[in-house]
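Enquirer: Pasting in a structure now, in structure tokens, and then I'll have a few things to ask.
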Amino acid sequence: MKILLVEDDTALATELAKVLRAENFVLDRAATGEDAQHLGETEGYDAVVLDLGLPKGDGVSVLRAWRAAGRTLPVLVLTARDGWSDKVAAFKAGADDYLVKPVRVEELVIRLRALVRRSQGGGASRIACGPLSFDTGLGAFEHEGLPLKLTGLEWRVLSCLMLNRDAVVPRPHLIERVYEGDADVDSNSVEVIITRLRRKIAPARIESVRGHGYRLHADPA
Amino acid sequence: MPPTKKPPPPHRSLRTRLLAAAAVLVLAALVVAGLAIGVILHRFVRGQIEGHLDAQIVALRAGLEAGLLSQNRDAPPFDRDGPGWAWEVRRGSETFVSDSLRGGHITVTAPGPDDDPGHPHPADGTGPRGERLILRVLTVPGTPPATIVAAAPQAALYGPLREALTSLALALGILGLCLIAGLALQVRLGLAPLRRLRADLAAVRAGRRERVPEEQPAEIKPLVTELNALLDQNAQNLERARGHVANLAHALKTPLATLSMALADPARDPDGALRLQVDDMDRRVRHHLRRARAAALAGSARGRTQLAPRVSDLHDALVRLYAEKGVAIDLAVPDDLSVPCEGQDLDEMLGNLVDNACRWCRTRVRVTAASRAGGIVVRVEDDGPGLDDAAAEAVMARGRRLDEGVPGHGFGLPITLELAELYGGGLTLGRSELGGLEAELTLPA
């Protein structure tokens, strides 16, 4: 899952990035309202963690601009402001969730995952696809009832395919969700991960759709 | 015994002062007018009487010179015994008296100055029965010289004078009453803008108005301008204080958040002890920031806040905050209700209550509001476990013991209570028919 982390305090942003990466999130970072607005309007993210007090454009204004531009990406506001008027203002501007600093890592991660799941139409917190199941709250995969061990990159690819199961996920979209904005992506690396995943999740299978991308199937056919 | 404090001097009302001053002036003016008119009347009546006496003296002198006095037949009022009208003429050993004297004599007790020989001059005297008389005396030169005295009773002077003065006093009294009534009316009209000002200020305090209207009489306008400036300054101070609290919150929480994130790494905090410290710091910071925010309150609002839109906005926010739990929040808030509170404070009170309900409910929360005799009542109910009386008391008391306050369950409730009390309202906890807690927030209407 790819997250845009908008936080102007460098120390906090660094720590946040560290813990979120440890939880297999893919991160882009923005430190100003201006950057955040630009990234949110041009890049594809599964969710945004947005601070409200930002230089060059307050968080609420950024949020409003995204919504005005028709961007529906889910936004979790993470701020020091804990007044109810601030919360109401953020939700009115289009926020989907609101956490007050400081926040426990577990709380942040659970709410981020829940936010992504809800935004992608998943009502249930457990998604099944043949022998595979995915607990979106915990971010854990099971294969035929047993925990499935995955590397970070594998988890990112599989969770993206799982959330879009039975649909074709375009290759660029997948790369975007797996690698961070400035990473130098080897075009073969995704193919390598897919190959490894195919072995782990059989008899479920990942179909390559030529010229488009990949599709996760439940039936072995 | 401790020395008893002197009571402060009574602050007399402006109206009393103005009325007292007016009454004294009117009274003084009427007394002076009464005295002046009295003196003039006295002179006038006496002048009339003296004219009458002088005419008699002229007649007597003519009679004397013609030697006709002995056969004189007196005309009224000099022919009658009793009232005091009389005359007497003395020349050498001869004495002629009026019929009314019946042989008695007029005694001159206080001869007046004879400035103008040949004309009668005034004097006082008494009659044969000792009655007081007003005299006119003329000395006619000759050998021997003659003295003509004409007398009128003092009653002839004071009787009509008393009558005239009685009527005069009555007229002046009525005039005085009319003047004082008129002045009272004038004072009332004059002070009317002050009464209106008081009503306007009360309206500002109750939140029905934002400012005192500037359309005022010239004398009051500067006062109103100053008042409005004071109100504006208060609002600005409040705004600034809130800004400081917000900055402080940001300044404290950002590093705390960083620390919290850093300690998520087990390598840095193997036994979790530092983590507990951070959590404790967080609680304390939150607690004291809320206290600081509450302290930055005016306790009164400029203007009223509509209840329904605020509740509706909070509903939208809380439904999303508790999206995972799936809380159903029913609202029944009439559109026409408003309360004299700052919007932010109202958000804080309602937000804390509804948030608490959402946290503890199973699936349902209900918010209802109604206008009652004692003010506006907002009721927030949930279907959770609720609180028994002792626990409810403990929760409410926690907010009062500020320094040892360890925020936990229902930390929002004491804050709400404190805010409500600042606005002259209150908060009571009970059991809801939904099964859980019922928090009833009362705010002035």
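Laboratory data are not the source of any read-out in this text; all were calculated from the coordinates shown. Quick caveat: nothing in here was measured; it's all calculated off a predicted structure. Here the Cβ is made from the backbone with ideal geometry for all residues, glycine too, and neighbour counts use every protein chain on show.
Enquirer: If I build a Gaussian network model for chain A, linking alpha-carbon pairs within less than 10 angstrom, which residue out of A:Val100, A:Val60, A:Val169 has the largest mean-square fluctuation?
Expert: A:Val100
Enquirer: While we're looking at this one, here's another question. Round to the nearest 0.05 the FRET efficiency obtained for B:Ile37 and B:Gln154 when R0 = 22 Å and r is the Cβ-Cβ distance.
Expert: E between B:Ile37 and B:Gln154, to the nearest 0.05, is 0.60.
Enquirer: Using a Förster distance of 22 angstrom, determine the FRET efficiency expected from the C-beta separation of A:Glu34 and A:Ala11, and round it to 0.05.
Expert: Approximately 0.55, to the nearest 0.05.
Enquirer: Which residue, B:Leu350, B:Leu19, B:Leu138, has the most motion in a Gaussian network model of chain B that connects Cα atoms within less than 10 Å?
Expert: Fluctuation is largest for B:Leu138.
Enquirer: On to the next question. How long are the semi-axes of the ellipsoid equivalent to the stretch B:206-295, from square roots of 5 times the Cα gyration tensor eigenvalues, in whole Å, largest first?
Expert: 50, 10, 7
Enquirer: Let me ask something else about it. Which residues does the label zone of A:Glu144 cover in the stretch A:191-220, counting backbone N under 14 Å from a point 7 Å along Cα→Cβ?
Expert: Backbone N within reach: A:199-205, A:220.
Enquirer: Only helical DSSP H runs with n ≥ 4 go in: add -39500 (n - 2.57) per run for chain B, normalise by residue count and round the 222 nm mean residue ellipticity to 500 deg cm²/dmol.
Expert: Rounded to the nearest 500, it is -18000 deg cm²/dmol.
Enquirer: Grab the Cα-Cα distance for B:Leu161 and B:Asp271, subtract it from 0.36 nm times how many residues apart they are, and report the gain in nm with one decimal.
Expert: Roughly 27.9 nm would be gained on extension.
Enquirer: Using only C-alpha atoms and all pairs of different ones, pull out the Kirkwood radius for chain A in Å with one decimal.
Expert: After inverting the mean inverse Cα-Cα distance, the result is 18.1 Å.
Enquirer: Given labels modelled 7 Å from the Cα in the Cβ direction, how far is it in nm from B:Val319 to A:Thr195?
Expert: Each label point is offset 7 Å from its Cα along the Cβ direction, giving 5.1 nm.
Enquirer: Please check: in the Gaussian network model of chain A (C-alpha springs, under 10 Å), which one of A:Asn24, A:Asn164, A:Asn188 has the largest mean-square fluctuation.
Expert: A:Asn188
Enquirer: For each of B:Asp382, B:Asp388, B:Asp74, A:Asp28, count neighbouring Cβ atoms within 10 Å of the residue's Cβ, then give the residues from fewest to most.
Expert: Starting with the residue having the fewest Cβ neighbours, the order is B:Asp388, B:Asp74, A:Asp28, B:Asp382.
Enquirer: Can you give the helix-only mean residue ellipticity at 222 nm for chain A, where every DSSP H stretch with n ≥ 4 adds -39500 (n - 2.57) and the sum goes over all residues, rounded to the nearest 500 deg cm²/dmol?
Expert: -13000 deg cm²/dmol
Enquirer: Rank the residues A:Tyr98, B:Tyr158 as a footprinting-exposure proxy: fewest other Cβ atoms within 10 Å of their Cβ go first.
Expert: Least to most surrounded, the residues fall as B:Tyr158, A:Tyr98.
Enquirer: Please work out the Cα center distance from the stretch B:427-443 to the stretch A:67-129, rounded to the nearest Å.
Expert: 30
Enquirer: Please list, short to long, the whole-number percent of alpha-carbon pairs of the stretch A:25-68 in consecutive 5 angstrom bins beginning at zero.
Expert: The distribution over the stretch A:25-68 is 5, 25, 38, 23, 9, 1, given as percents.
Enquirer: Moving on to the next point. Determine which aspartates and glutamates satisfy two conditions relative to A:Lys149: a Cα distance under 17 Å, and not lying fewer than 8 residues away in the same chain.
Expert: Cross-link targets: A:Glu23, A:Asp135.
Enquirer: Tell me the relative contact order for chain B as a rounded percent, counting alpha carbon contacts under 8 Å between residues six or more apart.
Expert: Once normalised by length, the contact order is 10 percent.
Enquirer: For A:Arg205, B:Arg372, what ranking results if the residue with the fewest other Cβ atoms within 10 Å of its Cβ goes first?
Expert: Ordered from fewest to most neighbouring Cβ atoms within 10 Å, A:Arg205, B:Arg372 come out as B:Arg372, A:Arg205.
Enquirer: For the stretch B:94-156, just run the numbers: alpha carbon Rg, then divide by 2.2 N^0.38 Å, N being how many residues it has.
Expert: Expressed relative to 2.2 N^0.38 Å, the Cα Rg reads 1.12.
Enquirer: If you fit an axis through the alpha-carbon atoms of helix B:389-398 and take the longest principal axis of the Cα set of chain B, what angle between them do you get, 0 to 90°, nearest 10?
Expert: Compared with the principal axis, the helix lies near 70 degrees.
Enquirer: Could you give me D for the stretch B:297-443, from Stokes-Einstein at 4 °C and 1.567 mPa s, where the hydrodynamic radius is the Kirkwood radius over C-alpha pairs? Units µm² s⁻¹, please.
Expert: Calculated translational D: 85 µm²/s.
Enquirer: Can you compute the modelled spin-label distance between B:Asn237 and B:Gln186, with each label point 7 Å from Cα toward Cβ, in nm?
Expert: For the pair B:Asn237/B:Gln186, the computed spacing is 4.1 nm.
Enquirer: Percentage of Cα-Cα pair distances in chain B greater than 29 Å, rounded to whole percent?
Expert: 70
Enquirer: To the nearest Å, what is the center-to-center distance of the stretch B:116-151 and the stretch B:205-272, using C-alpha atoms only?
Expert: Taking the Cα centre of the stretch B:205-272 as reference, the centre of the stretch B:116-151 is 101 Å away.
Enquirer: Calculate the dipole size of the protein assembly as shown relative to its Cα centre from +1 charges on Lys and Arg beta carbons and -1 charges on Asp and Glu beta carbons; express the result in debye to the nearest 20.
Expert: Using only the charged Cβ atoms, the result is roughly 500 debye.
Enquirer: Given a Förster distance of 45 Å, report the FRET efficiency between B:Leu194 and B:Ala370 from their Cβ-Cβ distance, rounded to the nearest 0.05.
Expert: For R0 = 45 Å, the calculated efficiency reads 0.75.
Enquirer: Evaluated at 4 °C with a viscosity of 1.567 mPa s, what Stokes-Einstein diffusion coefficient in µm²/s does the protein assembly as shown have when Rh comes from the Kirkwood expression over alpha-carbon pairs?
Expert: Answer, rounded: 37 µm²/s.
Enquirer: Quickly work out the B:Asp336-to-A:Val168 label distance, labels modelled 7 Å from Cα along the C-beta direction, and quote it in nm with one decimal.
Expert: 6.2
Enquirer: Something else: If a paramagnetic tag sat 7 Å from the Cα of B:Phe44 along the Cα-Cβ line, which residues of the stretch B:170-208 would have the backbone N under 13 Å from that point?
Expert: Answer for this model: none.
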